[in-house]
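Step one of this worksheet: look at the structure below.
The numbers here are math on the coordinates, done by the rules we state, and not lab data. The model shown is predicted, which means the values in this text are computed figures rather than measured ones. Cβ placement follows ideal geometry from the backbone for every residue including glycine, while neighbour counts extend to all protein chains displayed.
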Amino acid sequence: MITQPEINRPIGQEHDVPVMQLRNVSKSFGTNDVLRDFSFDLNKGENVVVLGKSGSGKSVLIKCIIGLIKPDSGSINVLGKNIPELNNHELDKIRAKVGFLFQSNALYDSMTVRENLEFPLRRHKAKMTKTQIDELVVEALTNVGLAHTIDMRTSELSGGMKKRVALARTLILKPEIILYDEPTTGLDPITGKEISELMRELAKKYNTSAIIISHDLNCVRIVADSIVMLIDGKCYAQGKYEELQTSNDKKIQEFFI
């Protein structure tokens, strides 16, 4: 069922457990009101796509969630912590539980695939033994079908392979929440579909929750349990893909033409 802002109902049913709750989040830059009383819930095991036009505030929203930008007002509760109130040390602890897949992949070309996956482990899991690290690296690469690339340099990989390695690195810390920034941008349609299906498969395997920013409607259709429409800085509407696709609202129709 499509919901509108005035209803202000959280996504999911009463028995769902929210791992993230945004309430009346607002952020302005000068006279530009990017987010205006933006509210929604992310429940355990749920994939929510945030759909909005370029410049609508999607990137600002993600940066507010991970604490890179502080909202002017409102609360952002992630895993029981209100992000705007946390200090840097507290933010680092939360970020270790929140994976982020960058649009550009953000892999280190000078490193091997193994070294790229070891990097977050050495930073956040300093007490792990080399054997434990090796096991996690192999497991993560196996999950994305790239165990054979472990000693290759990332510069030797195709675009789709790089995206899979980036996804493996995101999952290696076993995050509770994953934030995806345009995960299929720059990929051909077939590879984009494969990555979308892999995201869905791994979400079920690890029981992760995710927020996905995407303009790729094929990706959205595959991965989304629910879609939040970010229009005019607000949560304009939310619902399932099929519900929004058949909406008579002209502002919503624009995204599905």
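Couple of notes before you dig in:
- The range 89-140: C-alpha gyration tensor shape, a/c 1.5 cut-off, then a/b vs b/c: oblate
- Close amide H contacts of Asn47 (hydrogens built in the peptide plane, cut-off under 5 Å, sequence separation of 5 or more or a different chain): Ala210, Asp225, Ser226.
- Where labels lie 7 Å past Cα in the beta-carbon direction, separation of Ile190 and Glu139 in nm: 3.3 nm
- Under 5 Å, built H, 5+ apart or other chain: amide partners of Asp216: none
- Using the Cα coordinates of the range 24-81, the gyration tensor eigenvalues translate into equivalent-ellipsoid semi-axes of 20, 14, 10 Å, sorted from longest to shortest.
- At 1.567 mPa s and 4 °C, Stokes diffusion of the range 63-114 via Kirkwood alpha-carbon radius, µm² per second: 102 µm²/s
- Cα long-axis angle, helix 130-143 against the chain (0 to 90 degrees, to the nearest 10): 60 degrees
- Computed on the Cα atoms alone, the convex hull of the range 160-206 gives a volume of 65 cubic angstrom per residue.
- Along its principal axes, the range 162-257 has C-alpha extents of 41, 28, 21 angstrom, given from the largest down.
- At an R0 of 51 angstrom, the distance between the Cβ atoms of Lys250 and Lys97 translates into a FRET efficiency of 0.80.
- Per-q log10 I(q)/I(0), the chain, q = 0.15 Å⁻¹ (Debye; single scatterer per alpha-carbon; no solvent): -1.10
- Note on the chain: dipole from Cβ charges, positive end direction compared against His124, Ile257, Asn47; the farthest Cα belongs to His124.
- Size of electric dipole in the chain: Cβ of Lys, Arg +1 and of Asp, Glu -1, about Cα centre, debye, nearest 20: 540 debye
- Dipole check for the range 146-209: with +1 at the C-beta of Lys and Arg, -1 at the C-beta of Asp and Glu, and the Cα centre as origin, the magnitude is about 180 Debye.
- Alpha-carbon centroids, the range 162-225 and the range 82-143: separation in whole Å: 17 Å
- Mean projected area in nm² (Cα convex hull; one quarter of hull surface) for the range 103-198: 6.0 nm²
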